[in-house]
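Report on the structure given below.
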Amino acid sequence: MLVQRLAFLLMLSAGLVACSSLNPFADPPKTKPAELVDFPSSLNVKPLWQINLGDTPAGALTAFGTATAMRAYVASGSNIRVVDLSNGNVLLTAPAPERLTSGVGTDGEVFSAATRGGEIVTWGADGNIKWRSALNAEVLASPAIADGIIAALTTDGRLIGFDQATGKRRWVLQRPAPALTLRAASPVVAVRNGFIVGFPGGRILAVSARDGQARWEAVLASGRGANEVERIADIAASVGILNETICLSSYQGKVGCLAVRDGRLQWDKEFSSPVGVSAAGGSLYGTDEKSIVHALSGSGGASLWKQDKLLYRTVTAPVALGSSVVVGDYKGMVHFLSAANGNFLARLATDGSAISGPPLALESGARRLVFVQTAAGGLFAFEIQ
């Protein structure tokens with residue numbers, strides 16, 4: 001919701017926003033959404049289990065896996081729930097001091113999230129709070145953990161690094177925030193002893209975990225237009241990693257890939273997306289502002305296909321799994337598309353509320369699993385047979 005790879009194929013989601021903010025998904029679509037088309041189902045997808053975790057922030061689903069177990073960490077009201085993804089059992093409930101506003105960051109040992117009162121809280125594996133520290137600002141993006149540092153991105157444009165063990169503030173990096181930004185996700189991704197972070201205004205930084213210094217800085221898109229709304233160009237939360245490049249998209253801006261090592265732009269093209277992209281098998285998959293799903297060549301951005309039959313259905317960022325690409329929409333429908341041509345393969349319903357972040361896709365051995373979170377607090381598991 002937020003994307004990263006672990007021991008097996010795993011897609012993650014990340015978190016959200018800035019100063020005076022605009023949320024394009026806060027209300028029902030203003031343009032009439034497309035009616036769903038009928039098609040012959042050609043992919044067998046089986047519902048596995050479902051649970052309800054109550055009110056959750058958008059993009060609050062984070063996963064962590066080992067060779068023997070896969071767990072989801074879900075921010076829910078004023079609790080963190082740890083869920084066994086093999087059966088939906090809640091393994092742990094960790095109370096927070098107050099309502100949570102962000103998703104969860106974890107390294108499998110500790111996990112962190114931000115509260116409505118502007119604190120970052122870190123729990124141990126036993127669910128007890130290890131430390132809490134003031135941020136003095138709202139945080140909606142899931143924290144990220146690298147090299148003993150937990151990094152949190154505030155809505156006023158600060159990336160703050162905390163010592164993972166003690167909670168001591170180690171450094172602060174700040175970039176000016178535009179007057180108006182989307183109330184939508186900006187990525188904080190842990191890579192190579194540091195973080196790649198999307199700041200409001202289309203700015204991307206690689207930041208050292210050790211000292212908070214920017215290793216490189218790039219601009220994927222800059223705001224253009226006659227007013228503040230037209231000049232919004234924020235980086236979307238879901239990103240894709242292809243070999244040694246990181247691929248991102250922006251609202252009213254571009255999609256492109258940059259070298260992780262030095263930030264050098266590999267390619268870019270015009271593309272507007274408030275939700276972001278994912279990557280698999282040398283291809284990039286993204287959903288644009290009209291809810292058209294696209295497949296692009298990861299090496300140069302050439303269009304491979306697009307699926308426009310979900311127009312204005314507030315479609316999530318896509319996630320690839322095997323030969324299919326999975327998205328959710330505002331009515332809680334989960335759509336499976338062909339990775340080869342974008343045709344519909346299967347469709348399943350959840351609880352009727354919006355899918356609130358990108359699906360989580362997992363390959364473990366021969367099993368291909370998909371998990372989605374809904375705005376009503378549902379967590380649903382499916383398996384491609």
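Sorting 92-98, 82-88, 109-115 by average packing, meaning the other beta carbons within 10 Å per residue, from highest down gives 109-115, 82-88, 92-98. Under a straight-distance cross-link criterion of Cα-Cα below 28 Å, which lysines are reachable from K32, leaving out those fewer than 8 residues away in the same chain? Cross-link targets: K254, K269, K290, K306, K309, K331. Please list log₁₀ I(q)/I(0) at q = 0.10, 0.13, 0.20, 0.21 Å⁻¹ for the range 231-385, using the Debye equation with identical point scatterers on the alpha-carbon positions. Calculated log10 I(q)/I(0) at the listed q: -0.32, -0.55, -1.25, -1.35.
With the convex hull constructed from alpha-carbon coordinates only, the range 20-384 shows a mean projected area of 16.4 nm² over all directions. Put in order of Cβ neighbour count within 10 Å, fewest first, the listed residues H335, H294 become H294, H335. Whole-Hz Karplus values for the range 342-347 come out as x, 5, 5, 10, 7, 8 Hz, taken residue by residue from phi with 6.51 cos²θ - 1.76 cosθ + 1.60 and θ = phi - 60°; glycine and proline positions read x.
Does the range 99-220 come out rounded, prolate or oblate, given a ≥ b ≥ c as the square roots of the eigenvalues of its C-alpha gyration tensor, rounded meaning a/c under 1.5 and, failing that, prolate meaning a/b above b/c? Numbers along the way, then the final one.
Details: a/c = 1.90, a/b = 1.33, b/c = 1.43.
Since a/c reaches 1.5 but b/c is at least a/b, the shape of the range 99-220 is classed as oblate.
Reducing the range 267-337 and the range 81-148 to their Cα centroids gives an inter-centroid distance of 29 Å.
Readers should treat all values here as calculations from the given coordinates under stated rules, not as data from a laboratory. Please read all numbers here as calculations on a predicted model, not as lab measurements. Every residue, glycine as well, gets a Cβ built from its backbone with ideal geometry; the counts of neighbours run over all protein chains shown.
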